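Just below is one structure, and these are the notes that go with it.
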Amino acid sequence: MKDLHRFFTDLDIYNDNTIALDEDVSRKIISVLRLKIADEIYLQNHIHMATAKIVTITKNQVIVTVASMRELIKPDYTFEVYQAIAKREYMDFIVEKYSELGVTKIIPIITSRSINELKDKTLARYKTIAKQAVLQSEGEFLPEITKPIRLDKIELETTDNFLFHERVGIKNMPAPSCRNISIMIGAEGGFADSEVELLTAKGFVAYNPIKKILKAETASVVFASNLLIQLYNS
């Protein structure tokens, strides 16, 4: 692929159609990148990736025409993350890193030691962060980010399900047996014993591969990246 700047749109993409980019994207193209008419960019939505050419630039608006397009390349794995809701700055970081790494689904969960609610505007912010992270990392597939759920409402659809715990569990780092997995990361302070019992009954296997107490945001990056590297190389 060419080394072009990437942008996201919620609009439909098809060959030869003309798209007026939103204000934030237009501002970046005009004022930050200082692109010109006839310059090309990559433009993607939830389904397609396109090469588009700038055809009009006004004071606040950029209009492009799609030159070529294809479907997004989807991951050949399922990697779902059940993440206890953390404070704003930590959760923003966690969502960003999961999106960069290539998880396919982020499920915020409410535990006895987590933040116990998630407003719609916060969920919208997570989705914006995910878009930016995917574009920055030159990924294509946007992770699905769901509304929060409580532990007792979890219904697993994955085959290998790993619960990372700071005190109990198998001492080795897990090795996925398939390409359909999930992980569970707790809040600061970890899980209550009753929660571990509940999650084990639901199908999670507890692992304790590091002899240290990691912060939630550290654990999210360490364990997700380790498992994704295994998936990438298998």
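Against the definition (over 18 Å from L231 (Cβ atoms), surrounded by 16 or more Cβ atoms within 10 Å (Cβ to Cβ) and of a type in the set (S, T, N, Q)), how does T78 come out, yes or no?
no
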> Restricting to strands (runs of 3 or more DSSP E) lying wholly in the range 17-84: which have 1 or more residues that are out of contact with any Gly (no Cβ under 8 Å at 6 or more places or on another chain) and of a type in the set (G, A, S)?
Replying inline: 18-20, 48-57, 62-71
>> Looking at T78, T18 in this structure, which one is among the β-branched types (V, I, T) and closer than 17 Å to I145 by Cα?
In response: T78
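Which of the residues belonging to the range 33-61 are of a type in the set (D, E, K, R) and on the phi > 0 side of the Ramachandran plot?
Of everything in the range 33-61, just one residue is of a type in the set (D, E, K, R) and on the phi > 0 side of the Ramachandran plot, namely R34.
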> Which of the following residues is outside any loop (DSSP other than H, G, I, E, B) and over 20 Å from I107 (Cα atoms): L135, L228, L198, L163?
Replying inline: L135
> So which of I129, I107 is touching a Phe, Trp or Tyr at 6+ places or on another chain (Cβ under 7 Å), in the same structural domain as L214 (by TED's automatic domain parsing) and either modelled with pLDDT under 95 or crowded, with 16+ Cβ neighbours inside 10 Å (or both)?
Replying inline: I107
> Which of the following residues is surrounded by 18 or more Cβ atoms within 10 Å (Cβ to Cβ), assigned to a loop (DSSP other than H, G, I, E, B), assigned by TED's automatic domain parsing to the domain that holds E89 and of a type outside the set (V, I, T): P174, P209?
Replying inline: P174
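The values are calculated or read from the model by the stated rules, or taken from the named source; none is laboratory data. Keep in mind the model is a prediction, meaning the values are calculated, not measured. Virtual Cβ from ideal backbone geometry, glycine too; neighbours counted across all protein chains shown.
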